[in-house]
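Visitor: One structure coming up, written as structure tokens, with questions to follow.
The values are calculated or read from the model by the stated rules, or taken from the named source; none is laboratory data. All values derive from a computational prediction rather than experimental measurement. Here Cβ is always computed from backbone atoms with ideal geometry, including for glycine, and neighbour counts include all displayed protein chains.
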Amino acid sequence: MNIALIGYGKMGKAIEQIALSKGHQIVLKIDIDNAADFNASNLAKADVAIEFTGPHSAFNNVMKCLELGIPVVCGSTGWLDKWDTVKASCQEHSGALVYASNYSIGVNLFFELNKYLAALMESHTEYNVLMEEIHHTEKKDAPSGTAITLAEQVLAAISRKKQWVNDTASNAEDLSIISKRIDPAPGTHTIKYTSSVDDIEITHTAHNRIGFAGGAVLAAEFLQDKKGIFNMKDVLGL
């Protein structure tokens, strides 16, 4: 499989390492220094693009890939206010897209655990729920896309919480997400249920970027010969 890497920072380099170890080829590497190479003729060499840049460039990068008929795996977060436009473009161009807030296999299993625990806790109103996420200082968005996914799962299950706030909650109906930026943490997410008698918490801690990179390559392999919009539940068959 020929892969275009849109974003060649630490994550892009980790993806390259995994892809090459699995016998794939990297035919294009785009970063801030060679943005002009992100064009139709170079993209045409690729079977799939993997996009890991940032919230301010991801939307345009994904749109360009879809318009040029290149299947794309996107791992950038913080741009989902434009999701409907991307969805319409994917349909218009009969494109293929995998989007996930986190490509780690472990995190996606953690998502399922979070949903199950939240459903169990719905009837136990004596527990308050709050969240914490820790990332490295280069993380551009807060809360993380993974934290938002986890929070939305909790909100869907626990009716006494109405919205999340990226701060200590002063309203009982708010779900607090505390975001910390500490190097070199690649990502830790904790959901904590607390009462006067005990606490219950679940935590996922990433040790490095390899888990995220491996999931992104797995998603690229999944996307071959497919049309439509998919997520990691589709990739992993969850």
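Visitor: Which residue is nearest to the chain's Cα centre (by Cα), if the candidates are limited to the stretch 91-117 and must be hydroxyl-bearing (Ser, Thr, Tyr) and at pLDDT below 95? Talk me through it step by step, then tell me what you get.
Guide: The first filter runs over the stretch 91-117 and keeps only residues hydroxyl-bearing (Ser, Thr, Tyr), leaving 94, 99, 101, 103-104, 116.
If we keep only those that are at pLDDT below 95 as well, we get 101, 103-104.
On the way: Ser101: 2, Tyr103: 6, Ser104: 9 Å.
Looking at residues that are hydroxyl-bearing (Ser, Thr, Tyr) and at pLDDT below 95, I get Ser101.
Visitor: Let me ask something additional. Of everything in the stretch 1-28 that's of a type outside the set (A, V, I, L, M) and over 27 Å from Ala142 (Cα atoms), which residue is surrounded by the fewest Cβ atoms within 10 Å (Cβ to Cβ)?
Guide: Gly23
Visitor: Across the stretch 81-137, which residue is surrounded by the most Cβ atoms within 10 Å (Cβ to Cβ) among those that are among the hydroxyl-bearing types (Ser, Thr, Tyr) and without any contact (Cβ under 8 Å) to a residue 40 or more places away in the chain?
Guide: Per the stated criteria, the residue is Ser89.
Visitor: Which of (1) closer than 21 Å to Ala157 by Cα; (2) among the aliphatic types (A, V, I, L, M); (3) within 17 Å of the chain's Cα centre (by Cα) does Ala206 not meet, given it meets every other one?
Guide: Among (1) closer than 21 Å to Ala157 by Cα; (2) among the aliphatic types (A, V, I, L, M); (3) within 17 Å of the chain's Cα centre (by Cα), the lone unmet condition for Ala206 is (1).
Visitor: Oh, and also: Within the stretch 189-236, how many residues turn out to be of a type in the set (Val, Ile, Thr), modelled with pLDDT of 95 or more and surrounded by fewer than 19 Cβ atoms within 10 Å (Cβ to Cβ)?
Guide: Count: 8.
Visitor: Still on this structure: For the list (1) touching an Asp or Glu at 6+ places or on another chain (Cβ under 8 Å); (2) in contact (Cβ under 8 Å) with a residue 40 or more places away in the chain; (3) more than 19 Å from Thr146 (Cβ to Cβ), I need the number of the one condition that Pro55 fails.
Guide: Here Pro55 meets the rest and fails (3).
Visitor: A follow-up question, please. In the stretch 101-152, how many residues are in a loop (DSSP other than H, G, I, E, B), charged (D, E, K, R) and touching a strand residue (DSSP E or B) at 6+ places or on another chain (Cβ under 7 Å)?
Guide: Qualifying residue count, the stretch 101-152: 1.
Visitor: If I ask for residues that are modelled with pLDDT of 95 or more and either over 19 Å from Val62 (Cβ atoms) or among the aromatic types (Phe, Trp, Tyr) (or both), which ones from the stretch 2-13 would you list?
Guide: Those that are modelled with pLDDT of 95 or more and either over 19 Å from Val62 (Cβ atoms) or among the aromatic types (Phe, Trp, Tyr) (or both): Tyr8, Lys13.
Visitor: Right, here's the next one. Just a yes or no: is a residue in the stretch 66-75 closer than 15 Å to Ala219 by Cβ and surrounded by fewer than 18 Cβ atoms within 10 Å (Cβ to Cβ)? Reasoning before the result, please.
Guide: Start the filter on the stretch 66-75 by keeping residues that are closer than 15 Å to Ala219 by Cβ, which leaves 70-75.
If we keep only those that are surrounded by fewer than 18 Cβ atoms within 10 Å (Cβ to Cβ) as well, we get none.
Within the stretch 66-75, none of the residues are closer than 15 Å to Ala219 by Cβ and surrounded by fewer than 18 Cβ atoms within 10 Å (Cβ to Cβ).
Visitor: Further question on the same structure: Among the residues of the stretch 126-150, what is the count of those that are of a type in the set (D, E, K, R) and more than 13 Å from Gly54 (Cβ to Cβ)?
Guide: Qualifying residue count, the stretch 126-150: 3.
Visitor: Another question about this same structure. Test Val86 against the criterion of being touching an Asp or Glu at 6+ places or on another chain (Cβ under 9 Å) and modelled with pLDDT of 95 or more, and give yes or no.
Guide: no
Visitor: Can you tell me which condition Ala46 does not meet? The list is (1) without any contact (Cβ under 8 Å) to a residue 24 or more places away in the chain; (2) surrounded by 23 or more Cβ atoms within 10 Å (Cβ to Cβ), and all the others hold.
Guide: Status for Ala46: all satisfied but (1).
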